[in-house]
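One structure is given below, encoded as structure tokens.
Just so you know, all these numbers are worked out from the coordinates, no wet-lab data involved. Here the structure is a predicted model, which means the values were calculated and not measured. A quick note on method: Cβ atoms are made from the backbone with ideal geometry, for glycine too, and the neighbour counts reach across all protein chains shown.
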Amino acid sequence: MALFKSLDNLEDDKSQKKMDSEVEKVKCLIIGSGPAGYTAAIYAARANLSPVLYEGLEPGGQLTTTTEVDNYPGYPEGVTGPVMMEDLKKQAQRFGTDVRFGLATATDLSERPFKVTIDDKKIIEAETLIIATGATAKYLGLESETKYKGQGVSACATCDGFFYKGKDVAVVGGGDTAAEEATYLAGICNKVYLIIRKDYMRASKVMVEKVINTKNIGVLFEHTTKEIVGDMSGVTGAILTNGKGEDVKFDIHGFFAAIGHKPNSDIFKDYLETDEVGYIITEPGSSKTKLDGVFACGDVMDPHYRQAITAAGSGCKAAIDAERFLGSQG
């Protein structure tokens, strides 16, 4: 009997050691690998915070689906999204950031050190946590939409509109975002079709008036997108279904989805304040959340700009805020 008990105890010890080995303690943990996450890593590493960064399911974030980036400072000839993200990653690693592939699947932010579970098994205990998980653009879910993503299909007019200068494009959506995208593109493009599935716009009155008064915006009420068509060069048109059930083809070169974004904040909502959509709320002018030692940056907390440069700037803020917080702890 004693023999069996000692064997049981041995197995318990092995299990405990295995659990202990799955827990890692770090000074600064960064979740997310877009411009915000990598910039936070650069600043945190230079401040000797020995940051550990987990890239998530989409290393590099949304910019990896963008072909050309012409509006990020420092690239006078432009750069592709994947190349720019790889540059930021290398810069973060150059200063000592431990960049890892893995997905944060659960959190316990009830006390410091904060506990973050990676891939449902490994637990990281972090003295400070920087959340840079971004937001995911909503698309229609069409197979053809996926096929031409980055080749004429986009979810960001201010990012990609320049490439369609003087051409015809379409924007799908009926809210303020769609109205803003359409009016922005109208200043660049020849013709903008605004595709709205209902017989009215959900946008605010001032935005509706702005759309109606813009001559080169054509509003297509009660139209839905059936298919996006194209060739080796990218998007060449879209097939829409009107309110009568008839299919109509429009020749376009760019198709912009403006039906919203979903912030990647679900695993933090039990501990942090978010708005009604899910964007993490931070103190004005900073990256500080309601929890001391937890900071948010990039698109996960920015419902307004969603640009690479603004995300990078907020990542800088988050790292500096984290450094100062740790310094205040003695």
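Per-residue Karplus couplings for region 208-220, computed as 6.51 cos²θ - 1.76 cosθ + 1.60 with θ equal to phi - 60°, are listed in order as 4, 4, 5, 5, 4, 8, 8, 4, 8, 9, x, 8, 10 Hz, Gly and Pro entered as x.
Using the Cβ-Cβ distance between ASP108 and GLU86 with R0 = 22 Å, the FRET efficiency computed as 1/(1 + (r/R0)^6) comes to roughly 0.10. Each of the peptides 277-288, 174-185 was scored by the mean count of other Cβ atoms within 10 Å over its residues; in descending order, highest first, they stand as 174-185, 277-288.
Residues whose amide H lies under 5 Å from that of VAL171, counting only those 5 or more places away or on a different chain, are TYR193, LEU194, ILE195, PHE256; hydrogens are built 1.01 Å from N in the peptide plane. Of the residues ASN216, ILE196, HIS253, the one whose Cα sits farthest toward the positive end of the charge dipole of region 139-257, with +1 on the Cβ of Lys and Arg and -1 on the Cβ of Asp and Glu, is ASN216. Its alpha carbons give the chain an Rg and a Dmax of 23.4, 89 Å. Projecting the Cα positions of PHE95, SER286, PHE163 onto the charge dipole of the chain (unit charges on Cβ atoms of Lys, Arg, Asp and Glu, taken about the Cα centre) puts PHE163 furthest along the positive direction.
How many angstrom separate the Cα center of region 210-261 from the Cα center of region 273-302? Each part reduced to its Cα centre gives a spacing of 35 Å.
Rounded to the nearest 20, the size of the Cβ-charge dipole of region 139-257 about its Cα centre is 220 debye, with Lys and Arg at +1 and Asp and Glu at -1. In a fully extended conformation the segment linking GLU24 and ARG46 would gain 5.8 nm over its present Cα-Cα distance, using 0.36 nm per residue. Taking a point 7 Å from the Cα of LYS269 along the Cα-to-Cβ direction, none of the residues of region 153-194 has its backbone N closer than 13 Å to it.
Placing +1 at every Lys and Arg Cβ and -1 at every Asp and Glu Cβ, with all other atoms neutral, what dipole size does region 228-286 have around its Cα centre, in debye to the nearest 20? Roughly 240 debye for region 228-286. For region 118-179, the Cα gyration tensor yields ellipsoid semi-axes of 34, 15, 12 Å (square root of five times each eigenvalue, largest first, whole Å).
Sorted on the mean count of surrounding Cβ atoms within 10 Å across their residues, most packed first, peptides 71-78, 317-324 read 317-324, 71-78. Using only the C-alpha atoms, the convex hull of region 139-257 corresponds to 89 Å³ per residue.
Working note: Karplus 6.51/-1.76/1.60 with θ = phi - 60° gives region 71-80 the couplings 10, 9, x, x, 10, x, 9, x, 7, 7 Hz, where Gly and Pro are set to x.
Simple point charges give the picture: +1 on the Cβ of Lys and Arg, -1 on the Cβ of Asp and Glu, and for the chain a dipole about the Cα centre of about 440 debye.
Close amide H pairs (under 5 Å, H built 1.01 Å from N) link THR236 with VAL229, GLY230, ASP231, residues at least 5 positions away or on another chain. Does a label point 7 Å from the Cα of THR241, set along Cα-to-beta-carbon, have any residues of region 125-163 with amide nitrogen under 16 Å, and which are they? 140-145, by backbone N distance to the label point.
Bridges between two residues of the chain, per DSSP, are antiparallel at a rate of about 45%. The phi torsions of region 112-118, fed into the Karplus equation with coefficients 6.51, -1.76 and 1.60 and a -60° offset, translate into couplings of 8, x, 6, 9, 10, 8, 10 Hz, rounded to whole numbers, with Gly and Pro shown as x. Approximating the spin labels as points 7 Å out from Cα along Cα→Cβ, the ASP176-to-ARG100 distance works out to 4.0 nm.
When you count the other C-beta atoms within 10 angstrom of each residue and take the mean per peptide, 30-38, 252-260 line up highest first as 30-38, 252-260. Among ILE267, LEU240, TYR72, whose Cα lies farthest out toward the positive end of the dipole of the chain, if unit charges sit on the beta carbon of Lys, Arg (+1) and Asp, Glu (-1)? The listed residue farthest towards the positive side: TYR72.
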